[in-house]
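The values are calculated or read from the model by the stated rules, or taken from the named source; none is laboratory data. Please read all numbers here as calculations on a predicted model, not as lab measurements. When we count neighbours, we look across all protein chains shown, and the Cβ atoms used for this are built from the backbone with ideal geometry, even at glycine. Note: accessible area is taken over every heavy atom of the protein model, side chains too, but ligands, DNA and RNA are not part of it. Shrake-Rupley method; radii C 1.70, N 1.55, O 1.52, S 1.80 Å.
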Amino acid sequence: MTVTAAGPLPQTPYDVAIVGAGVVGCAIARELARHPRLRIALVEAQDDVGQGTSKANTAILHTGFDATPGTLEARLVREGYARLGAYAAETGIPVERVGALLVAWDEEQLAALPRLAEKAQRNAYPDTVLLGPGELYAREPHLGPGALGALHVPGESIICPWTTTLAYATQAVRAGADLHLNTAVQHVRAADGHLLTTSRGTLRARHLVNAAGLHADTLDRALGHEDFTVTPRRGQLLVHDKLARPLVRHILLPVPTALGKGVLVAPTVYGNVLLGPTAEDLDDKRATGSTADGTAALREQGRRILPALLEEEVTAVYAGLRAATGQEDYRITAHPGQAYVTVGGIRSTGLTASLAIAAHVTGLLADGGLDLGPVREPEPVTMPNLGEAFPRPYQRADLIAADPEYGTLVCHCERVSRGEIRDALASTVPPRSLDGLRRRTRARAGRCQGFFCGAAVRELFERGARP
Ligand SMILES: Cc1cc2nc3c(=O)[nH]c(=O)nc-3n(C[C@H](O)[C@H](O)[C@H](O)COP(=O)(O)OP(=O)(O)OC[C@H]3O[C@@H](n4cnc5c(N)ncnc54)[C@H](O)[C@@H]3O)c2cc1C
């Protein structure tokens, strides 16, 4: 059970090295770790898992009803939805099956709804229902005026993206995978397998998986492939205060048009309401900042969907970069002659599809000559609950009676206790920054954004990190 963030890397060759510990790379590491004979390295440039696109998305567990039928993405999203739904129930990752409404605001959009229902059928999702305006407004009384109807997609769900990545990483590490953080892969060359030059020295592996997200094209080129180019597509989002949560019951999706997928309003499992995302093609793979123009455009669109939302406070603004490739499918390709699999172009659905991508990639590695050996199911993990729909530690008298630290709140906006912070600092994949601690506990994620609790949280973090 090893997580390293500094010092030299092991020199014994690994069976498989996975570059990138986002939700996809962590899922692949977890899947491979079910095979106890394999030595697995999960190699990440940053100081935590899930610090790339995986931490900044709209957190929807998609049914895949609107995927392009027949694509690999359509299949993996459908499978991933079922797999992650079951996995979340086992591990305590919060999921709420709130359902989605695709709202039509004009005749053209209304005419598109039956076609979308038919597309859902072709994606093996038969449960959509067309709603007239009466039923739509009965379901969503705060919707702006003028909606003509909607398509109800009951299976669309909201999920905690942070705990998902962490659960995969935790299980992989406990099953024996090595997680090397602060390890940016700089060069790769063939040498009896792969010789990776990283910011922490060299590392050898017989098989290589490229799950480098926005940088998957760069690594792919280093291995001699010109298959795709990643153009980051920024999505900015506004997080509204918890007082806005009663305004919306479903995920409110726009009807996709030729101009794009549009802006949604969605509840989060933490009890907030999201408005976004924008879709801006950029050159800079680090441009995760928000802009005044982006925020203004979102508010303009939000005004029509849910006017009362505009009256509510915005708690936070964030942006994520989709790994767009200009192609309508994932770029998952096996190169068996090189003992190498590219997992590129995982654009807008990678959280949902992650477990199915992992199973698919494991199959490709086996087809390419990796001897998986026997399977041993990993020890189940139970993740701390960050969701409002399930009891949090401060609400559980049994837990507090057994350990009063769960009754001592540190972050009052998000009701995070000392016990949860202590547990996160002692966990298998502990945080290395206050942001990492936030993704594990919600501390400092509330309406004061750490203004009141920041010093106390920092003190606990520093004490925990350096006992
Ligand atoms: C605005 C937005 C909304 C979205 N909404 C949803 C949604 O509702 N539902 C859904 O299912 N999906 C959604 N997605 C998509 C989903 O977030 C992504 O598909 C998923 O996070 C991709 O995961 P990843 O592991 O491939 O990439 P990442 O999370 O970016 O991970 C790649 C990792 O590789 C590391 N790396 C890169 N280069 C190197 C190197 N040379 N050496 C070592 N490490 C390296 C990076 O540091 C990074 O941690 C959304 C995305 C965005 C941007």
**Study point:** From phi via Karplus (6.51, -1.76, 1.60), per-residue ³J(HN,Hα) for segment 234-245 in Hz, x at Gly/Pro
**Key:** 6, x, 8, 9, 10, 9, 8, 4, 4, 5, 7, 4
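For the chain, what does the alpha-carbon gyration tensor say about shape, rounded, prolate or oblate, given a ≥ b ≥ c as the root eigenvalues, a/c under 1.5 as rounded, and a/b over b/c as prolate? Intermediate values should be presented prior to the final figure.
Numbers: a/c = 1.78, a/b = 1.23, b/c = 1.45.
Oblate, since a/c reaches 1.5 and b/c is not below a/b.
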**Study point:** Shape of segment 107-232, Cα gyration tensor, a/c cut at 1.5
**Key:** prolate
Review point. How much FRET efficiency would the formula 1/(1 + (r/R0)^6) give for residue 89 and residue 329, where r is the Cβ-Cβ distance and R0 is 35 Å, rounded to 0.05?
Key: 0.75
Point to revise | Peptides ranked, highest mean first, by Cβ atoms within 10 Å: ranges 357-369, 396-408 | key: 357-369, 396-408
Revision key, fill the gap. Quick calc: nm separation of the 7 Å Cα→Cβ label points for residue 303 and residue 403 -> 4.9
Review point. For segment 393-464, which whole percent of the accessible surface, found with a 1.4 angstrom probe, sits on carbon and sulfur atoms?
Key: 52
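Give, as a single signed number, the net charge of other residues whose beta carbon lies under 9 Å from the beta carbon of residue 250, with Lys and Arg counted +1 and Asp and Glu -1.
On the way: positive: 139, 249; negative: 140, 156.
Computed value for this residue: 0.
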Check your understanding: Taking Cα pairs under 8 Å and at least six residues apart, what relative contact order does segment 310-467 come out at, in percent?
Key -> 16
Point to revise | Label-point separation, residue 186 to residue 257 (7 Å along Cα→Cβ), nm | key: 4.9
**Study point:** Cysteines having no other Cys beta carbon under 4.7 Å from their own, within the chain
**Key:** 26, 160, 413, 448
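Does segment 194-313 classify as rounded, prolate or oblate by the C-alpha gyration tensor (a ≥ b ≥ c root eigenvalues; a/c under 1.5 gives rounded; else a/b over b/c gives prolate, otherwise oblate)? Write down the numbers at each step before the final one.
On the way: a/c = 2.91, a/b = 2.30, b/c = 1.27.
Prolate, since a/c reaches 1.5 and a/b exceeds b/c.
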Check your understanding: If you find the alpha carbon centre of segment 273-294 and of segment 381-426, how far apart are they in angstrom?
Key -> 33
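Please state the charge dipole magnitude for the chain, taken about the Cα centre, from unit charges on C-beta atoms (+1 on K and R, -1 on D and E), reported in debye and rounded to the nearest 20. Could you put the intermediate results ahead of the total?
Details: 49 positive and 50 negative charges, 192 e Å.
Its charge dipole is roughly 920 debye.
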Exercise for review: Run through the DSSP bridge list for the chain and note the antiparallel percent, rounded to the nearest 5.
Suggested key: 70
Check your understanding: Tell me, what is the per residue accessible area of the chain in Å², probe radius 1.4 Å?
Key -> 41
Practice item. Measure off 7 Å from each Cα along the Cα-to-Cβ vector at residue 428 and residue 311, then give the distance between these two points in nanometres to one decimal. Key: 4.7
Revision key, fill the gap. Along the dipole axis of segment 183-262 (charges at Cβ: +1 for Lys and Arg, -1 for Asp and Glu; origin at the Cα centre), the most positive-end residue among 232, 198, 216 is 232
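Can you give the FRET efficiency to the nearest 0.05 for residue 382 and residue 2, using r as the Cβ-Cβ distance and R₀ = 22 Å?
Details: r = 22 Å, r/R0 = 0.98.
It comes to 0.55.
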Point to revise | Whole-Hz ³J(HN,Hα) from phi, Karplus 6.51 cos²θ - 1.76 cosθ + 1.60, for segment 70-82, glycine and proline x | key: x, 7, 4, 4, 4, 5, 6, 5, 4, 5, x, 4, 5
Review point. For the chain, what is the mean residue ellipticity at 222 nm derived from helices alone (per DSSP H run of n ≥ 4: -39500 (n - 2.57); sum divided by total residues; nearest 500 deg cm²/dmol)?
Key: -9000 deg cm²/dmol
Exercise for review: Evaluate the relative contact order of the chain (contact order divided by residue number), counting alpha-carbon pairs under 8 angstrom at least 6 apart; express in whole percent.
Suggested key: 22
Point to revise | In Hz, Karplus ³J(HN,Hα) per residue of segment 389-398 (6.51, -1.76, 1.60; θ = phi - 60°; x = Gly, Pro) | key: 7, 10, x, 8, x, 5, 8, 9, 4, 4
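Relative contact order for segment 249-393: what is it in percent, counting Cα pairs under 8 Å that are at least 6 residues apart? Don't skip to the end; give the middle numbers.
Working: 135 pairs, mean separation 24.3, N = 145.
The normalised contact order for segment 249-393 reaches 17 percent.
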Practice item. Can you check what the net charge comes to around residue 190, using other residues whose Cβ is under 13 Å from the Cβ of residue 190 (Lys, Arg +1; Asp, Glu -1)? Key: +2
Exercise for review: On the protein heavy atoms, probe 1.4 angstrom, tell me the percent of accessible surface of segment 244-362 carried by carbon and sulfur.
Suggested key: 52
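Using a 1.4 Å probe on the protein chains only, how many percent of the accessible area of segment 1-145 belongs to carbon and sulfur? If you can, show how the numbers build up before the last one.
On the way: 3100 of 5760 Å².
Looking at segment 1-145 in its full context, I get 54 percent from C and S.
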Revision key, fill the gap. The lysines whose Cα lies under 29 Å from the Cα of residue 285, excluding any fewer than 8 residues away in the same chain, are 55, 261
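Using the beta-carbon distance between residue 122 and residue 448 and R0 = 60 Å, what value does 1/(1 + (r/R0)^6) give for FRET efficiency, to the nearest 0.05? Please report the intermediate quantities before stating the final value.
Values: r = 47 Å, r/R0 = 0.79.
Plugging the Cβ-Cβ distance into 1/(1 + (r/R0)^6) gives 0.80.
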